[in-house]
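The values are calculated or read from the model by the stated rules, or taken from the named source; none is laboratory data. Remember, it's a predicted structure, so these values are computed and weren't measured experimentally. Using ideal geometry, Cβ is built from the backbone for each residue, glycine included, and neighbour counts are taken over all protein chains shown.
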Amino acid sequence: MIPKLTIPGLLALVCLLYTANFSQATDLLAGVGKVEITRKGAPAEGSNRLWAKALVLSRGETNIVIVTLDVVAIDEISSVRAPFLENVRATVRESLGIDPKSIVVNASHCHGVVEPNIEKQTVDTITAAWNNRVPVKAGTGVGFENRIQENRRLKLKNGTGADVRHAYSLPPNDAIAAVGPIDPEIGTVKLDRADTGKPHALLYQFAVHPIRGIPDGGNTADLVGFASRVIESNLGDGTAMAFFLQGCGGDINPTDYKNVNRPRDAERLGNLLGLSVLEATRKIKTAEISELKLRNETLALPRADLKPRILEMENEIDILRKSLRGTTLDFDTFIPLYLKYHVNSGFPSEKAQRYLQDDLIIRNDWQTLDQDNRKAIDAYVQNIRTMEELTRKQINLALLKKHQSVTDQTGKTVAAEVVALRIGDFRLVTFPAELTVQIGLKIKAAQQNRSTFVSGYTNGYLYYAPTAEQLTNRGGAQEDSDCVFAKEWESLFLQKAGELLDQIDN
């Protein structure tokens, strides 16, 4: 016999069903997945392998898919070539129904070598994350790390700039006036399972080039791989997954980048970063959150006309070449002579008494020899410095010519996808180029007290994106030369970033 349902009972049932459905719709769900993408035959050291990881966040009808790849870039300068992103998005939309604009793919910028089927592997990890979503609570925080990174831009006393690269030598010490800033902040999002309270995932964002390498020169996820390993081994019961988001690392090197007195080893730096992330994470308390938002727009940014600067640089290079002069010294005689005159600048050629004896009998034999030798040393050093400057200019001139050639073929604008997303109090703006750190610092300053982070290397690759001021130094540093944008790009991006951040806050 079916019991008679009274009006109060019916209302109670409706309320119960509505409450259950409303709770399910407002729960924050998170799923994680990962697939190893290390190229077979190119082994990485131990567990510091390369990964494609996916974090899927869902709340009601809103989905955000964050993919982190241990690759140098997406769609350029690596084996991950276009239309990689377009194909991944199309496949995921067809199989899972996820809006392509909700998929955010960030490259760590490590210089590892990955499998050729990375497109399928990326789809697989997104699918795995989508299928294992569980209710979670979230919390955000900010960590601090300033020991492992340095700005590679050098401000020179002549008003120009240079950068620290393996591709060419450094300017002389007496030419350097200052270095640029760093961003020591680590943005963190911690996700705990709602049922057990155990850590489920940790997202951390930081700005540094992961190009330190490992001693044997092997294939590696570099310092961010070591950092994630430290985090995953020490967070909760070891089952949580760590996701690294590269920030504005365009001009941020790991420390000791050009140190030739010890092996290149990213593990120490990665361990320091991982421990700093864990320290920040311990202060985070997770709770139910109401904010999960994403906005995605494409900007048409102006390409630079580099022809005038190319002509200037060709003239500068010609002047440098013509300034080279013959010297009496060759390399074999220069080295011992240079060392002798720097080890003992007072009496470089003989013992002190020989010089004093010359003074006593009013002769200048040794002093005259020293004057001649110092002139020869200075002339040889000047040639060396000129050749080093030639090297820097010629390499950067080649970058200008490469980008001008593309501009001549493709037109005066380039499309750049900009994303703003919010997870609780964590706000992120992304851009598909190697943003220099000052771009991120400007956006952060404009946001004042809102916890905001900026990531380049996302949803494509458009080379370097320095500030308008830095672009006055084209030809002097790689960031300013390996850039397709006209200086107006900065104000357009900063304006759009501010608009999108306002949208996800309203």
Practice task
Please work out if Ala162 is aliphatic (A, V, I, L, M), surrounded by fewer than 17 Cβ atoms within 10 Å (Cβ to Cβ) and within 19 Å of the chain's Cα centre (by Cα).
Solution key: no
Completion exercise
Checked the stretch 86-101 for anything under 19 Å from Ala129 (Cα atoms), touching a helix residue (DSSP H, G or I) at 6+ places or on another chain (Cβ under 9 Å) and not in a loop (DSSP other than H, G, I, E, B); matches are Asn87, Val88, Arg89, Ala90, Thr91, Val92, Arg93, Ser95, Leu96, Pro100, Lys101
Problem - Selected residue (only one of Gly31, Gly41, Gly97, Gly60 is on the phi > 0 side of the Ramachandran plot and at pLDDT 95 or above) - result: Gly97
Fill in the blank from the handout: The one condition Leu501 fails out of (1) surrounded by fewer than 19 Cβ atoms within 10 Å (Cβ to Cβ); (2) not in a loop (DSSP other than H, G, I, E, B) is (1)
Practice task
Consider Asp237 carefully, then state whether it is closer than 20 Å to Arg165 by Cα and either at pLDDT below 95 or not assigned by TED's automatic domain parsing to the domain that holds Ala162 (or both).
Solution key: no
Exercise for the section: Please work out which one of (1) closer than 23 Å to Ser78 by Cβ; (2) surrounded by 15 or more Cβ atoms within 10 Å (Cβ to Cβ) is the condition Val134 fails and give its number. Expected result: (1)
Practice task
Only residues that are assigned to a helix (DSSP H, G or I) and surrounded by fewer than 24 Cβ atoms within 10 Å (Cβ to Cβ): list them for the stretch 440-455, please.
Solution key: Leu441, Lys442, Ile443, Lys444, Ala445, Ala446, Gln447
Practice task
Answer yes if at least one residue in the stretch 186-202 is over 30 Å from Thr91 (Cα atoms), of a type in the set (A, V, I, L, M) and either out of contact with any Leu (no Cβ under 9 Å at 6 or more places or on another chain) or surrounded by fewer than 16 Cβ atoms within 10 Å (Cβ to Cβ) (or both), and no otherwise.
Solution key: no
Problem - Evaluation of Lys412 against (1) more than 25 Å from the chain's Cα centre (by Cα); (2) in contact (Cβ under 8 Å) with a residue 12 or more places away in the chain; (3) within 20 Å of Glu314 (Cα to Cα) (one fails), failing number - result: (3)
Practice task
Could you list all residues from the stretch 56-70 that are in contact with a Ser or Thr (Cβ under 9 Å, 6 or more places away or on another chain) and not in a strand (DSSP E or B)?
Solution key: Gly60, Asp70
Practice task
Return yes when Ala128 is under 23 Å from the mean Cα position of the chain (by Cα) and over 26 Å from Leu273 (Cα atoms) and no when it is not.
Solution key: no
Handout entry: Among the candidates Leu203, Leu272, Leu301, Leu223, residue that is touching a helix residue (DSSP H, G or I) at 6+ places or on another chain (Cβ under 6 Å), closer than 20 Å to Asp70 by Cβ and modelled with pLDDT of 95 or more
Key = Leu223
Completion exercise
If you go through Gln404, Gln409, Gln438, the only one that is on the phi < 0 side of the Ramachandran plot and at pLDDT below 95 is Gln409
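The rows are residues; the columns are (1) within 30 Å of Phe485 (Cα to Cα); (2) within 29 Å of the chain's Cα centre (by Cα).
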| site | (1), (2) |
| --- | --- |
| Leu294 | yes, yes |
| Lys307 | yes, yes |
| Glu314 | yes, no |
| Leu329 | no, no |
| Tyr338 | no, no |
| Gly346 | no, no |
| Ser349 | no, no |
Practice task
Restrict the check to the stretch 456-463 and report whether at least one residue is of a type outside the set (Asp, Glu), in the same structural domain as Asp251 (by TED's automatic domain parsing), touching a Lys or Arg at 6+ places or on another chain (Cβ under 8 Å) and modelled with pLDDT of 95 or more.
Solution key: no
Problem - Ala73 being part of a strand (DSSP E or B) and touching a strand residue (DSSP E or B) at 6+ places or on another chain (Cβ under 7 Å) - result: no
Practice task
May I ask you to say which residue of Phe431, Phe453, Phe493 is at pLDDT 95 or above and in contact with a Lys or Arg (Cβ under 9 Å, 6 or more places away or on another chain)?
Solution key: Phe453
Handout entry: Search result, residues across the stretch 278-290 that are under 28 Å from the mean Cα position of the chain (by Cα) and either basic (Lys, Arg) or more than 28 Å from Asn234 (Cα to Cα) (or both)
Key = Arg282, Lys283
Exercise for the section: Return yes or no: is Ala194 at pLDDT below 95 and in contact with a strand residue (DSSP E or B) (Cβ under 8 Å, 6 or more places away or on another chain)? Expected result: no
Practice task
Test Asp222 against the stated conditions and say whether it is touching a Pro at 6+ places or on another chain (Cβ under 6 Å) and on the phi > 0 side of the Ramachandran plot.
Solution key: yes
Exercise for the section: Determine if the stretch 251-269 includes at least one residue that is surrounded by fewer than 24 Cβ atoms within 10 Å (Cβ to Cβ), closer than 27 Å to Ile284 by Cα and in contact (Cβ under 8 Å) with a residue 40 or more places away in the chain. Expected result: yes
Exercise for the section: Could you tell me whether the stretch 95-117 includes any residue that is without any contact (Cβ under 8 Å) to a residue 60 or more places away in the chain and basic (Lys, Arg)? Expected result: no
Practice task
Give the residues of the stretch 100-112 that are in contact with a Lys or Arg (Cβ under 7 Å, 6 or more places away or on another chain) and either surrounded by fewer than 19 Cβ atoms within 10 Å (Cβ to Cβ) or of a type outside the set (Val, Ile, Thr) (or both), sorted by residue number.
Solution key: Pro100
Practice task
Among the numbered conditions (1) surrounded by fewer than 16 Cβ atoms within 10 Å (Cβ to Cβ); (2) over 24 Å from the mean Cα position of the chain (by Cα); (3) touching a residue at least 60 places away in the same chain (Cβ under 8 Å), tell me where Thr407 comes up short.
Solution key: (1)
